[in-house]
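Enquirer: Pasting in a structure now, in C-alpha coordinates, and then I'll have a few things to ask.
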Ligand SMILES: NC(=O)c1ccc[n+]([C@@H]2O[C@H](COP(=O)([O-])OP(=O)(O)OC[C@H]3O[C@@H](n4cnc5c(N)ncnc54)[C@H](OP(=O)(O)O)[C@@H]3O)[C@@H](O)[C@H]2O)c1
(Lines give C-alpha, C1' and ligand atoms only; values in the text may rest on other atoms or scores of the structure.)
Protein backbone atom coordinates (compact mmCIF):
# COMPACT_ATOMS: atom_id res chain seq x y z
CA UNK A 1 0.00 0.00 0.00
CA UNK A 2 1.06 3.62 -0.48
CA UNK A 3 2.50 5.23 2.65
CA UNK A 4 4.62 8.14 3.88
CA UNK A 5 7.47 6.78 5.97
CA UNK A 6 11.00 7.09 7.31
CA UNK A 7 13.64 4.41 7.01
CA UNK A 8 16.28 6.70 8.49
CA UNK A 9 16.15 9.98 10.41
CA UNK A 10 18.05 13.25 10.00
CA UNK A 11 18.22 15.72 12.87
CA UNK A 12 19.34 18.62 10.66
CA UNK A 13 17.55 17.96 7.38
CA UNK A 14 14.33 16.09 8.24
CA UNK A 15 12.85 16.36 4.74
CA UNK A 16 15.79 14.38 3.33
CA UNK A 17 14.57 11.39 5.38
CA UNK A 18 11.01 11.55 4.03
CA UNK A 19 9.93 8.71 1.72
CA UNK A 20 6.68 8.15 -0.15
CA UNK A 21 6.23 4.65 -1.52
CA UNK A 22 5.00 1.10 -0.98
CA UNK A 23 4.88 -0.46 2.51
CA UNK A 24 3.47 -3.84 3.62
CA UNK A 25 -0.21 -4.09 4.59
CA UNK A 26 -0.87 -3.80 8.35
CA UNK A 27 -1.18 -7.04 10.33
CA UNK A 28 -3.38 -6.21 13.32
CA UNK A 29 -2.59 -8.14 16.52
CA UNK A 30 -5.49 -9.57 18.63
CA UNK A 31 -7.95 -6.84 19.80
CA UNK A 32 -6.69 -4.53 17.04
CA UNK A 33 -8.43 -3.72 13.80
CA UNK A 34 -7.61 -2.15 10.44
CA UNK A 35 -9.02 1.16 9.27
CA UNK A 36 -9.31 2.10 5.60
CA UNK A 37 -7.88 5.62 5.79
CA UNK A 38 -9.97 8.22 3.93
CA UNK A 39 -8.08 11.25 5.25
CA UNK A 40 -5.01 11.74 7.43
CA UNK A 41 -3.53 14.97 8.69
CA UNK A 42 0.00 16.22 9.23
CA UNK A 43 1.37 17.31 12.61
CA UNK A 44 4.60 18.84 13.78
CA UNK A 45 5.10 15.46 15.46
CA UNK A 46 5.81 13.99 12.00
CA UNK A 47 8.67 16.42 11.49
CA UNK A 48 10.06 15.60 14.95
CA UNK A 49 9.90 11.90 13.95
CA UNK A 50 11.92 12.57 10.78
CA UNK A 51 14.49 14.29 13.01
CA UNK A 52 14.68 11.13 15.13
CA UNK A 53 12.96 12.66 18.16
CA UNK A 54 10.81 9.95 19.77
CA UNK A 55 11.70 7.58 16.92
CA UNK A 56 14.83 5.52 17.65
CA UNK A 57 16.59 3.70 14.83
CA UNK A 58 15.52 0.23 15.97
CA UNK A 59 11.88 1.05 15.18
CA UNK A 60 12.54 2.00 11.54
CA UNK A 61 11.16 1.84 8.92
CA UNK A 62 8.13 3.63 10.36
CA UNK A 63 5.04 4.96 8.62
CA UNK A 64 4.46 8.50 9.89
CA UNK A 65 1.19 10.13 10.98
CA UNK A 66 -0.89 10.27 14.16
CA UNK A 67 -4.24 11.43 12.78
CA UNK A 68 -6.75 9.57 10.63
CA UNK A 69 -10.41 9.20 9.84
CA UNK A 70 -11.73 6.34 7.76
CA UNK A 71 -13.90 3.26 7.59
CA UNK A 72 -13.63 0.19 9.85
CA UNK A 73 -14.08 -3.42 8.63
CA UNK A 74 -17.85 -3.24 9.44
CA UNK A 75 -18.29 -0.20 7.23
CA UNK A 76 -18.57 2.32 10.11
CA UNK A 77 -17.12 5.80 9.60
CA UNK A 78 -14.61 6.30 12.40
CA UNK A 79 -12.06 8.67 13.90
CA UNK A 80 -8.84 7.13 15.20
CA UNK A 81 -7.70 8.09 18.72
CA UNK A 82 -3.93 8.23 18.48
CA UNK A 83 -2.93 7.69 22.11
CA UNK A 84 -2.22 3.99 22.60
CA UNK A 85 -2.08 2.88 26.22
CA UNK A 86 0.01 -0.08 27.34
CA UNK A 87 -1.73 -3.42 27.97
CA UNK A 88 -3.73 -3.40 31.19
CA UNK A 89 -3.55 0.39 31.74
CA UNK A 90 -6.69 1.82 33.38
CA UNK A 91 -7.70 5.48 33.59
CA UNK A 92 -6.37 8.58 31.80
CA UNK A 93 -4.20 7.14 29.03
CA UNK A 94 -2.17 10.36 28.71
CA UNK A 95 -0.74 9.60 32.18
CA UNK A 96 0.39 6.09 31.21
CA UNK A 97 4.21 6.34 31.23
CA UNK A 98 4.33 3.63 28.52
CA UNK A 99 1.71 5.18 26.22
CA UNK A 100 2.70 5.92 22.64
CA UNK A 101 1.20 7.85 19.74
CA UNK A 102 0.61 6.16 16.42
CA UNK A 103 3.88 6.26 14.44
CA UNK A 104 6.08 6.10 17.56
CA UNK A 105 5.99 2.33 18.20
CA UNK A 106 3.19 1.21 15.87
CA UNK A 107 2.97 2.03 12.16
CA UNK A 108 1.27 5.39 11.59
CA UNK A 109 -1.70 6.82 9.76
CA UNK A 110 -0.20 8.43 6.63
CA UNK A 111 -1.09 5.37 4.56
CA UNK A 112 -3.95 3.68 2.78
CA UNK A 113 -4.63 1.54 5.86
CA UNK A 114 -3.66 1.65 9.54
CA UNK A 115 -3.93 -0.90 12.35
CA UNK A 116 -5.16 0.38 15.74
CA UNK A 117 -6.62 -1.07 18.96
CA UNK A 118 -10.37 -1.51 18.36
CA UNK A 119 -11.00 0.54 21.53
CA UNK A 120 -9.26 3.52 19.93
CA UNK A 121 -11.99 3.99 17.32
CA UNK A 122 -14.86 6.38 17.84
CA UNK A 123 -17.78 7.18 15.56
CA UNK A 124 -17.28 10.00 13.08
CA UNK A 125 -20.24 12.38 13.18
CA UNK A 126 -21.95 12.24 9.78
CA UNK A 127 -21.88 16.04 9.52
CA UNK A 128 -18.05 16.09 9.56
CA UNK A 129 -16.19 15.29 6.36
CA UNK A 130 -13.34 12.76 6.57
CA UNK A 131 -10.92 15.67 6.01
CA UNK A 132 -12.37 17.63 8.93
CA UNK A 133 -12.50 14.57 11.18
CA UNK A 134 -8.84 13.78 10.43
CA UNK A 135 -7.85 17.14 11.94
CA UNK A 136 -9.18 16.32 15.40
CA UNK A 137 -7.10 13.54 17.03
CA UNK A 138 -3.95 15.53 17.79
CA UNK A 139 -4.17 19.33 17.64
CA UNK A 140 -7.90 19.78 18.32
CA UNK A 141 -7.78 17.29 21.15
CA UNK A 142 -4.69 19.01 22.56
CA UNK A 143 -6.28 22.46 22.31
CA UNK A 144 -9.49 21.17 23.95
CA UNK A 145 -7.63 19.73 26.92
CA UNK A 146 -5.44 22.84 27.32
CA UNK A 147 -8.49 25.11 27.37
CA UNK A 148 -11.19 23.11 29.10
CA UNK A 149 -9.33 20.65 31.30
CA UNK A 150 -6.10 22.42 32.27
CA UNK A 151 -6.40 26.22 32.04
CA UNK A 152 -9.12 26.90 34.62
CA UNK A 153 -10.42 29.68 32.31
CA UNK A 154 -14.03 30.77 32.62
CA UNK A 155 -16.21 32.59 30.07
CA UNK A 156 -15.50 36.31 30.10
CA UNK A 157 -11.80 35.92 30.91
CA UNK A 158 -8.95 36.67 28.50
CA UNK A 159 -6.69 34.08 26.91
CA UNK A 160 -3.55 34.73 24.88
CA UNK A 161 -2.74 32.15 22.19
CA UNK A 162 0.89 32.31 21.04
CA UNK A 163 1.86 31.49 17.42
CA UNK A 164 -1.57 31.82 15.83
CA UNK A 165 -0.67 29.94 12.66
CA UNK A 166 0.02 26.59 14.34
CA UNK A 167 -2.38 23.66 14.33
CA UNK A 168 -2.98 23.67 18.11
CA UNK A 169 -3.14 27.47 18.15
CA UNK A 170 -5.66 27.77 15.32
CA UNK A 171 -7.89 25.14 16.98
CA UNK A 172 -7.57 26.92 20.33
CA UNK A 173 -8.63 30.23 18.79
CA UNK A 174 -11.86 28.73 17.47
CA UNK A 175 -12.63 26.79 20.66
CA UNK A 176 -11.86 29.77 22.90
CA UNK A 177 -14.02 32.13 20.86
CA UNK A 178 -16.93 29.71 21.01
CA UNK A 179 -16.65 29.32 24.77
CA UNK A 180 -17.12 32.99 25.56
CA UNK A 181 -13.51 33.97 26.18
CA UNK A 182 -11.82 37.14 25.02
CA UNK A 183 -9.23 35.79 22.60
CA UNK A 184 -5.92 37.51 21.92
CA UNK A 185 -3.28 35.99 19.68
CA UNK A 186 0.26 36.65 18.51
CA UNK A 187 1.86 35.80 15.22
CA UNK A 188 5.04 36.81 13.43
CA UNK A 189 3.13 37.21 10.22
CA UNK A 190 0.62 39.93 9.30
CA UNK A 191 -1.40 37.64 7.00
CA UNK A 192 -1.69 35.02 9.78
CA UNK A 193 -2.82 37.71 12.24
CA UNK A 194 -5.61 38.62 9.85
CA UNK A 195 -6.59 34.96 9.39
CA UNK A 196 -6.60 34.50 13.16
CA UNK A 197 -9.10 37.34 13.43
CA UNK A 198 -11.26 35.72 10.78
CA UNK A 199 -11.26 32.53 12.94
CA UNK A 200 -12.52 34.49 15.93
CA UNK A 201 -9.57 36.21 17.64
CA UNK A 202 -10.67 39.57 19.07
CA UNK A 203 -7.21 41.10 18.68
CA UNK A 204 -4.00 39.94 17.02
CA UNK A 205 -0.54 41.25 17.99
CA UNK A 206 2.95 40.89 16.58
CA UNK A 207 4.97 38.23 18.42
CA UNK A 208 6.47 39.84 21.53
CA UNK A 209 4.30 43.01 21.39
CA UNK A 210 3.23 44.77 24.59
CA UNK A 211 -0.40 43.92 25.31
CA UNK A 212 -3.07 46.43 26.41
CA UNK A 213 -3.51 44.54 29.70
CA UNK A 214 -2.48 41.34 31.43
CA UNK A 215 -4.31 38.13 30.55
CA UNK A 216 -5.76 35.34 32.71
CA UNK A 217 -4.06 32.50 30.83
CA UNK A 218 -1.65 31.86 27.97
CA UNK A 219 -1.69 28.83 25.69
CA UNK A 220 1.92 28.06 24.70
CA UNK A 221 3.14 25.78 21.92
CA UNK A 222 5.97 27.93 20.51
CA UNK A 223 8.35 27.55 23.46
CA UNK A 224 11.63 29.45 23.65
CA UNK A 225 10.72 32.24 21.21
CA UNK A 226 7.61 33.30 23.14
CA UNK A 227 8.07 31.93 26.68
CA UNK A 228 9.29 35.14 28.30
CA UNK A 229 6.53 37.13 26.59
CA UNK A 230 4.02 34.61 27.94
CA UNK A 231 5.31 35.07 31.51
CA UNK A 232 5.13 38.85 31.14
CA UNK A 233 1.64 38.74 29.64
CA UNK A 234 0.11 37.01 32.69
CA UNK A 235 -1.73 38.71 35.53
CA UNK A 236 -0.67 37.72 39.06
CA UNK A 237 -1.99 34.23 39.73
CA UNK A 238 -2.43 33.59 35.99
CA UNK A 239 -1.77 30.31 34.22
CA UNK A 240 0.39 29.18 31.31
CA UNK A 241 -0.64 25.90 29.76
CA UNK A 242 2.18 24.51 27.61
CA UNK A 243 1.97 21.61 25.20
CA UNK A 244 4.80 22.29 22.75
CA UNK A 245 8.17 23.96 22.22
CA UNK A 246 8.56 24.26 18.44
CA UNK A 247 11.24 26.97 18.62
CA UNK A 248 13.31 25.35 21.39
CA UNK A 249 13.14 24.72 25.11
CA UNK A 250 15.86 26.76 26.78
CA UNK A 251 14.50 30.22 27.58
CA UNK A 252 15.19 31.88 30.92
CA UNK A 253 12.67 30.33 33.31
CA UNK A 254 12.34 33.70 35.14
CA UNK A 255 11.83 31.88 38.41
CA UNK A 256 11.48 35.09 40.45
CA UNK A 257 8.59 36.21 38.26
CA UNK A 258 6.96 32.78 38.55
CA UNK A 259 6.97 32.73 42.35
CA UNK A 260 6.52 36.43 43.03
CA UNK A 261 3.44 36.66 40.78
CA UNK A 262 2.31 33.17 41.87
CA UNK A 263 2.02 32.01 38.27
CA UNK A 264 0.84 28.51 37.41
CA UNK A 265 2.78 26.59 34.78
CA UNK A 266 0.86 23.55 33.61
CA UNK A 267 1.93 20.92 31.11
CA UNK A 268 -0.61 19.31 28.83
CA UNK A 269 -0.35 16.44 26.38
CA UNK A 270 -2.94 15.19 23.90
CA UNK A 271 -6.16 14.07 25.68
CA UNK A 272 -8.27 11.04 26.42
CA UNK A 273 -10.57 9.10 24.11
CA UNK A 274 -13.53 10.60 26.01
CA UNK A 275 -12.19 14.09 25.41
CA UNK A 276 -11.77 13.33 21.70
CA UNK A 277 -15.39 12.18 21.63
CA UNK A 278 -16.35 15.49 23.27
CA UNK A 279 -14.39 17.42 20.62
CA UNK A 280 -16.26 15.62 17.84
CA UNK A 281 -19.61 16.26 19.55
CA UNK A 282 -18.72 19.92 20.10
CA UNK A 283 -18.04 20.37 16.38
CA UNK A 284 -21.21 18.54 15.48
CA UNK A 285 -23.42 20.62 17.76
CA UNK A 286 -21.84 24.05 17.16
CA UNK A 287 -21.04 23.77 13.47
CA UNK A 288 -17.46 24.98 14.05
CA UNK A 289 -14.90 23.36 11.80
CA UNK A 290 -11.10 23.02 11.61
CA UNK A 291 -9.17 25.55 9.55
CA UNK A 292 -7.71 23.48 6.71
CA UNK A 293 -4.71 25.01 4.99
CA UNK A 294 -4.73 22.56 2.06
CA UNK A 295 -5.75 19.06 1.06
CA UNK A 296 -3.16 17.04 -0.88
CA UNK A 297 -2.93 13.57 -2.37
CA UNK A 298 -0.85 11.28 -0.16
CA UNK A 299 1.62 10.98 -3.03
CA UNK A 300 2.24 14.76 -2.77
CA UNK A 301 3.10 14.54 0.93
CA UNK A 302 6.47 16.21 0.41
CA UNK A 303 4.77 19.50 -0.44
CA UNK A 304 2.87 19.43 2.86
CA UNK A 305 5.92 18.52 4.94
CA UNK A 306 7.95 21.30 3.29
CA UNK A 307 5.22 23.85 4.06
CA UNK A 308 5.12 22.81 7.70
CA UNK A 309 8.92 22.86 8.00
CA UNK A 310 9.05 26.42 6.65
CA UNK A 311 6.14 27.61 8.83
CA UNK A 312 4.12 28.45 5.73
CA UNK A 313 0.88 26.98 7.10
CA UNK A 314 -2.30 28.25 8.62
CA UNK A 315 -4.32 25.44 10.18
CA UNK A 316 -4.11 21.84 9.07
CA UNK A 317 -2.57 20.05 6.10
CA UNK A 318 -4.68 17.03 5.16
CA UNK A 319 -3.75 14.10 2.90
CA UNK A 320 -6.11 11.84 0.97
CA UNK A 321 -4.75 8.36 0.27
N1 LIG B 1 1.88 17.86 23.80
C2 LIG B 1 1.06 17.49 22.84
O3 LIG B 1 0.20 16.64 23.02
C4 LIG B 1 1.16 18.16 21.53
C5 LIG B 1 0.12 18.04 20.62
C6 LIG B 1 0.20 18.74 19.42
C7 LIG B 1 1.33 19.52 19.16
N8 LIG B 1 2.34 19.56 20.06
C9 LIG B 1 3.54 20.38 19.82
O10 LIG B 1 3.10 21.73 19.81
C11 LIG B 1 3.90 22.46 18.89
C12 LIG B 1 2.96 23.17 17.95
O13 LIG B 1 2.51 22.26 16.98
P14 LIG B 1 1.49 22.70 15.87
O15 LIG B 1 1.35 21.56 14.94
O16 LIG B 1 0.32 23.26 16.53
O17 LIG B 1 2.14 23.93 15.13
P18 LIG B 1 3.55 24.31 14.49
O19 LIG B 1 3.54 24.03 13.06
O20 LIG B 1 4.66 23.71 15.26
O21 LIG B 1 3.52 25.87 14.67
C22 LIG B 1 3.47 26.53 15.86
C23 LIG B 1 3.58 28.01 15.64
O24 LIG B 1 4.71 28.44 16.33
C25 LIG B 1 5.09 29.69 15.81
N26 LIG B 1 6.55 29.67 15.70
C27 LIG B 1 7.32 28.68 15.24
N28 LIG B 1 8.62 29.02 15.33
C29 LIG B 1 8.64 30.26 15.87
C30 LIG B 1 9.67 31.16 16.20
N31 LIG B 1 10.96 30.86 16.02
N32 LIG B 1 9.33 32.36 16.72
C33 LIG B 1 8.03 32.68 16.94
N34 LIG B 1 7.02 31.85 16.62
C35 LIG B 1 7.32 30.66 16.11
C36 LIG B 1 4.44 29.86 14.48
O37 LIG B 1 3.39 30.80 14.58
P38 LIG B 1 3.33 32.13 13.71
O39 LIG B 1 3.98 31.83 12.40
O40 LIG B 1 1.87 32.40 13.63
O41 LIG B 1 4.07 33.14 14.51
C42 LIG B 1 3.84 28.48 14.23
O43 LIG B 1 2.69 28.55 13.46
C44 LIG B 1 4.84 21.48 18.22
O45 LIG B 1 6.09 21.57 18.84
C46 LIG B 1 4.19 20.14 18.48
O47 LIG B 1 5.11 19.09 18.52
C48 LIG B 1 2.27 18.90 21.23
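Enquirer: Keeping to the stretch 169-191, report how many residues are within 17 Å of residue 288 (Cα to Cα), at pLDDT 95 or above, within 15 Å of the ligand (Cβ to nearest atom) and in a helix (DSSP H, G or I).
Expert: Qualifying residue count for the region: 7.
Enquirer: Restricting to the stretch 125-143, what's the tally of residues that are away from the ligand (no atom under 11 Å from the Cβ) and within 18 Å of residue 239 (Cα to Cα)?
Expert: Qualifying residue count for the region: 0.
Enquirer: With the requirement that a residue be in contact with a helix residue (DSSP H, G or I) (Cβ under 8 Å, 6 or more places away or on another chain) and part of a helix (DSSP H, G or I), what does the stretch 149-168 give you?
Expert: 149, 167, 168 - these are the residues of the stretch 149-168 that are in contact with a helix residue (DSSP H, G or I) (Cβ under 8 Å, 6 or more places away or on another chain) and part of a helix (DSSP H, G or I).
Enquirer: I've got another one for you. Give the residues of the stretch 279-306 that are buried (at least 17 other Cβ atoms within 10 Å of the Cβ) and part of a helix (DSSP H, G or I), sorted by residue number.
Expert: Matches in the stretch 279-306: 279, 280, 282, 283, 298, 301, 304, 305.
Enquirer: Let me ask something additional. Is there a residue being within 17 Å of the chain's Cα centre (by Cα), outside any helix (DSSP H, G or I) and closer than 24 Å to residue 21 by Cα anywhere in the stretch 80-94? Can you show your working first?
Expert: Initial filter on the stretch 80-94 (within 17 Å of the chain's Cα centre (by Cα)): 80-84, 93-94.
With outside any helix (DSSP H, G or I) added as a condition, the list becomes 80-84.
Among the residues that remain, those that are also closer than 24 Å to residue 21 by Cα are: 80, 82.
Within the stretch 80-94, one or more residues are within 17 Å of the chain's Cα centre (by Cα), outside any helix (DSSP H, G or I) and closer than 24 Å to residue 21 by Cα.
Enquirer: A further question follows. Return the residue satisfying two criteria in turn: it lies in the stretch 227-243 and is in a strand (DSSP E or B) and either at pLDDT below 95 or within 15 Å of residue 163 (Cβ to Cβ) (or both), and of such residues it is farthest from the ligand (Cβ to nearest atom). Break it down into steps so the answer makes sense when it comes.
Expert: First, the residues of the stretch 227-243 that are in a strand (DSSP E or B): 234-242.
Subsequent filtering for residues that are either at pLDDT below 95 or within 15 Å of residue 163 (Cβ to Cβ) (or both) retains 240-242.
Numbers: 240: 14, 241: 10, 242: 8 Å.
My answer is 240.
Enquirer: Within the stretch 19-58, can you find the residues that are within 16 Å of the ligand (Cβ to nearest atom) and within 20 Å of residue 300 (Cβ to Cβ)?
Expert: 40, 41, 42, 43, 44, 45, 46, 47, 49, 50 - these are the residues of the stretch 19-58 that are within 16 Å of the ligand (Cβ to nearest atom) and within 20 Å of residue 300 (Cβ to Cβ).
Enquirer: Same structure again: Report yes if some residue within the stretch 251-271 is exposed (fewer than 12 other Cβ atoms within 10 Å of the Cβ) and within 21 Å of residue 207 (Cβ to Cβ); otherwise report no.
Expert: Taking every residue of the stretch 251-271 in turn, at least one turns out to be exposed (fewer than 12 other Cβ atoms within 10 Å of the Cβ) and within 21 Å of residue 207 (Cβ to Cβ).
Enquirer: Continuing with this model, one more query. Of the residues that sit in the stretch 198-215 and are touching a residue at least 40 places away in the same chain (Cβ under 8 Å) and within 23 Å of the chain's Cα centre (by Cα), which one is surrounded by the fewest Cβ atoms within 10 Å (Cβ to Cβ)?
Expert: Looking at residues that are touching a residue at least 40 places away in the same chain (Cβ under 8 Å) and within 23 Å of the chain's Cα centre (by Cα), I get 207.
Enquirer: Are there any pairs, at least 6 apart or on different chains, whose C-beta atoms fall under 8 Å, with the first in the stretch 100-114 and at pLDDT below 95 and the second in a strand (DSSP E or B) and surrounded by 21 or more Cβ atoms within 10 Å (Cβ to Cβ), and if so, which?
Expert: Every condition considered, no pair remains.
Enquirer: Further question on the same structure: Regarding residue 246, is this residue within 16 Å of the ligand (Cβ to nearest atom), at pLDDT 95 or above, surrounded by 14 or more Cβ atoms within 10 Å (Cβ to Cβ) and part of a loop (DSSP other than H, G, I, E, B)?
Expert: Spelling it out, it is not the case that residue 246 is within 16 Å of the ligand (Cβ to nearest atom), at pLDDT 95 or above, surrounded by 14 or more Cβ atoms within 10 Å (Cβ to Cβ) and part of a loop (DSSP other than H, G, I, E, B).
Enquirer: OK, next. Exactly one condition in (1) in contact with a strand residue (DSSP E or B) (Cβ under 8 Å, 6 or more places away or on another chain); (2) modelled with pLDDT of 95 or more; (3) not in a helix (DSSP H, G or I) is not met by residue 269; state its number.
Expert: (1)
Enquirer: Next question, about the same structure. Of all residues in the stretch 103-120, count the ones that are touching a strand residue (DSSP E or B) at 6+ places or on another chain (Cβ under 8 Å) and outside any loop (DSSP other than H, G, I, E, B).
Expert: The total comes to 8.
Enquirer: Please pick out the residue among 220, 194, 224, 213 that is more than 24 Å from residue 154 (Cα to Cα) and either more than 8 Å from the ligand (Cβ to nearest atom) or in contact with a helix residue (DSSP H, G or I) (Cβ under 6 Å, 6 or more places away or on another chain) (or both).
Expert: On inspection, the qualifying residue turns out to be 194.
Enquirer: Scan the stretch 249-266 residue by residue and report those that are within 16 Å of the ligand (Cβ to nearest atom) and either outside any loop (DSSP other than H, G, I, E, B) or under 29 Å from residue 120 (Cα atoms) (or both).
Expert: 265, 266, listed by residue number.
The values are calculated or read from the model by the stated rules, or taken from the named source; none is laboratory data. These figures come from a predicted structure and were not determined experimentally. Positions of Cβ are generated from backbone atoms using ideal geometry, with glycine treated the same way; all protein chains shown enter the neighbour counts.
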